[in-house]
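Novice: If you scroll down you'll find the structure; I have some questions about it.
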Amino acid sequence: MPQHVQGVIAPGRNEPVRVETIVIPDPGPGEAVVKIQACGVCHTDLHYKQGAINDEFPFLLGHEAAGIVESVGEGVTDVTPGDFVILNWRAVCGTCRACTRGRPWYCFATHNAKQKMTLLDGTELSPALGIGAFAEKTLVAAGQCTKVDPAVAPEVAGLLGCGVMAGIGAAINTGNVGRGDTVAVIGCGGVGDAAVVGSRLAGAAKIIAVDIDDRKLAKAKEMGATHTVNSRTADAVEAIRELTGGFGADVVIEAVGRPETYEQAFYARDLAGTVVLVGVPSPEMRLDLPLLDVFGRGGALKSSWYGDCLPSRDFPMLIDLHQQGRIDLAAFVTETIGLGDVEKAFARMHEGDVLRSVVVLR
């Protein structure tokens, strides 16, 4: 029987979000209903609100979440009611050309729930990244649920659902940061700081954090950066080269998603070094680089999709590292809020006051 719950929707481009009654259908084949316990306020949700992703309003926002599986549909065997799960937005298919080649983190046929959640009047909602977790409950594809140790606080576990996983994965999975490497991270929000954490975990010898906000640079230092550069007052490329013996960093992670910061990343890497783009650009952005420089500098220019993670492999591993004290996921949580505070959280995000505001529903 369909359930009525409270959830946060974005009704139209740049309109304030509001709490509405959401209708959650019973799970169909391959689907699950999850009772949300916590969901981080991610910049991607703001992009949805602004219409920067697409214009399929109204959106049910929220995607960086953890909760308890309440019910499952026909054919679901990987999770059962009562399981504590982190939600992911790339449920792999297992049969596409990437999956069959043993690279499921590149899955080209990821999927979401087939049924639609709606408003009371029947208006269909577009769930952010196929999740829609700023809600008391949500409907997802069962493959979007990854079981982890329930001893971890939901507001901490849920961060792996997007930003923290994207940053750690950009360093470890995409950038292949190794012991003794030099790394520069451009943009020190939640994703960038997670890239700092991932680089430290991988054994990088030098981690240079770059931002225009001294508050963010101070936080990056707390997270493990060995050096900081304020690119508002210094040339980022020259500063990174100076800190790396004149050569540039082995790996530069661009966590902003803008042409000017990508160009900085491109020229701040060593010859044969790697650039990882994990910041998400908007559709109108363009990049102009001399093709000779692309050829002559060698190395690799990579995009990192969700930190190239495989949730079933990476989520439990990172939760285990957190429990061992080897990474501090709780350090990313700046504040906990309620459903009615999401609009204020967007404002705080815009001002650079938070790493993560986390909606707590338990």
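The values are calculated or read from the model by the stated rules, or taken from the named source; none is laboratory data. This is a predicted model, so every value here is computed, not measured. For neighbour counting, all protein chains shown are included, and Cβ atoms are generated from backbone atoms with ideal geometry for every residue, glycine included. Surface accessibility is based on the protein's heavy atoms, side chains included, excluding ligands, DNA and RNA. Shrake-Rupley method; radii C 1.70, N 1.55, O 1.52, S 1.80 Å.
Novice: Amide H of residue 184: which non-local residues (sequence gap of 5 or more, or other chain) have their own amide H closer than 5 Å, using H built in the peptide plane?
Specialist: Here 208, 251, 252, 253 satisfy the definition.
Novice: Continuing with the same structure: Among the listed pairs 147/221; 49/221; 137/344, give every one whose C-alpha distance is greater than 27 Å. All intermediate terms of the calculation are to be shown ahead of the outcome.
Specialist: Details: 147/221 32 Å; 49/221 31 Å; 137/344 22 Å.
With Cα atoms farther than 27 Å apart: 147/221; 49/221.
Novice: Based on the mean of other beta carbon atoms within 10 Å per residue, what is the order of 331-343, 193-205, most packed first?
Specialist: Working: 331-343: 16.9, 193-205: 25.3.
Ranked by mean Cβ neighbours within 10 Å, highest first: 193-205, 331-343.
Novice: How much mean residue ellipticity at 222 nm does the chain get from its helices, if each DSSP H run of length 4 or more adds -39500 (n - 2.57) and you divide by all residues, to the nearest 500 deg cm²/dmol?
Specialist: Details: 11 runs with 94 residues, N = 362.
The helix-only estimate for the chain comes to -7000 deg cm²/dmol at 222 nm.
Novice: Ranked from the most accessible area to the least, with a 1.4 Å probe and all protein chains present, what is the order of 42, 93? All intermediate terms of the calculation are to be shown ahead of the outcome.
Specialist: Numbers: 42 10, 93 40 Å².
Solvent-accessible surface, decreasing: 93, 42.
Novice: For the range 279-362, what is the charge dipole size about the Cα centre, in debye to the nearest 20, if Lys and Arg each add +1 at the Cβ and Asp and Glu each add -1 at the Cβ? Kindly include the intermediate steps, with their values, before the conclusion.
Specialist: Working: 9 positive and 12 negative charges, 45 e Å.
It comes to approximately 220 debye.
Novice: Another question, then. Kindly point out which whole DSSP H helices in the chain project their C-alpha atoms 15 angstrom or further along the helix axis while averaging a Kyte-Doolittle hydropathy of 0.5 or above. Can you show the working numbers first?
Specialist: Details: long enough: 190-202 (18 Å, 0.91); 311-324 (19 Å, -0.64).
Helices passing the filter in the chain: 190-202.
Novice: Summing Lys, Arg as +1 and Asp, Glu as -1, what charge do residues with Cβ under 12 Å from the Cβ of residue 85 carry, residue 85 excluded?
Specialist: Overall, the nearby charge balance is -2.
Novice: Measuring from centroid to centroid over Cα atoms, what is the spacing of the range 194-226 and the range 234-308 in Å?
Specialist: 17
Novice: Can you tell which of 126, 358, 79 lies farthest toward the positive end of the dipole of the chain, using +1 and -1 charges on the Cβ of basic and acidic side chains (Lys, Arg; Asp, Glu)?
Specialist: Positive-end residue among those listed: 79.
Novice: What order, most packed first, do the peptides 178-189, 310-321 have when packing is the mean number of other Cβ atoms within 10 Å of each residue?
Specialist: Values: 178-189: 24.0, 310-321: 18.9.
The densest-packed peptide leads the list: 178-189, 310-321.
Novice: For the chain, report the accessible area per residue in Å² (1.4 Å probe, heavy atoms, rounded to an integer). Spell out each step's value before the answer.
Specialist: Details: 15160 Å² over 362 residues.
Heavy-atom accessible area per residue stands at 42 Å².
Novice: I'd like to compare 283-292, 11-20: which one has the highest average count of other Cβ atoms within 10 Å, and what's the full order after that? Let's see the in-between values first.
Specialist: Values: 283-292: 8.5, 11-20: 14.3.
Going by the mean number of other Cβ atoms within 10 Å, highest first, we get 11-20, 283-292.
Novice: On the protein heavy atoms, probe 1.4 angstrom, tell me the percent of accessible surface of the chain carried by carbon and sulfur. Intermediate results must be reported in sequence, preceding the final value.
Specialist: Values: 7650 of 15160 Å².
It is 50 percent, rounded to a whole number.
Novice: If you don't mind, there's one more thing I want to ask. If you restrict to DSSP beta bridges whose two residues both lie in the chain, what percentage is antiparallel, to the nearest 5? Walk me through the numbers before you get to the answer.
Specialist: On the way: 36 of 63 bridges.
Counting DSSP beta bridges with both partners in the chain, the antiparallel share is about 55 percent.
Novice: Another question about this same structure. Indicate, rounded to the nearest 5 percent, the antiparallel portion of the DSSP beta bridges found entirely in the range 174-308.
Specialist: Details: 0 of 22 bridges.
Just about 0 percent of them are antiparallel.
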